[in-house]
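Participant: Structure in structure tokens, see below.
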Amino acid sequence: MKVIIGKKFLTDNRAEISLQGFDLLNQDWNITQTVTDTHIEDQQTKNLNWYFLLAISYRPNNF
């Protein structure tokens, strides 16, 4: 699950600040099953935990 909150500011909304949150419900799991002639292997791994990204962007004037 990804959540984005943002706000545009300056004249003509040329700048934006945003905060993004990733995997806030801790549901990012990978499950792999390998089947061979001699055995079956199940592997369960957890990806990155939840994290946040703060971004600031600016759109300059056109030339």
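Participant: Could you check region 1-62 for strands (runs of 3 or more DSSP E) lying wholly inside it with 1 or more residues that are in contact with a strand residue (DSSP E or B) (Cβ under 7 Å, 6 or more places away or on another chain) and basic (K, R)? Break it down into steps so the answer makes sense when it comes.
Facilitator: Working: elements: 2-9, 15-22, 29-35, 40-46, 51-58.
By residue number, 2-9, 40-46.
Participant: Tell me which residues, restricted to region 20-63, are of a type in the set (A, V, I, L, M, F, W, C), at pLDDT 90 or above and over 30 Å from L10 (Cβ atoms). Step through it out loud before you land on a result.
Facilitator: Kept after step one, since they are of a type in the set (A, V, I, L, M, F, W, C), are these residues of region 20-63: 22, 24-25, 29, 31, 35, 40, 48, 50, 52-56, 63.
Within this subset, residues satisfying the condition of being at pLDDT 90 or above are 35, 40, 52-56.
If the condition is that a residue be of a type in the set (A, V, I, L, M, F, W, C), at pLDDT 90 or above and over 30 Å from L10 (Cβ atoms), then V35, I40 are the ones that fit.
Participant: Which of the residues spanning region 12-63 are surrounded by 10 or more Cβ atoms within 10 Å (Cβ to Cβ), more than 19 Å from K2 (Cβ to Cβ) and in contact (Cβ under 8 Å) with a residue 12 or more places away in the chain?
Facilitator: If the condition is that a residue be surrounded by 10 or more Cβ atoms within 10 Å (Cβ to Cβ), more than 19 Å from K2 (Cβ to Cβ) and in contact (Cβ under 8 Å) with a residue 12 or more places away in the chain, then R14, A15, R59 are the ones that fit.
The values are calculated or read from the model by the stated rules, or taken from the named source; none is laboratory data. Computed from a prediction, not measured in an experiment: that's the story for all the values here. Glycine gets a Cβ as well: all are built from the backbone with ideal geometry, and neighbour counts include every protein chain shown.
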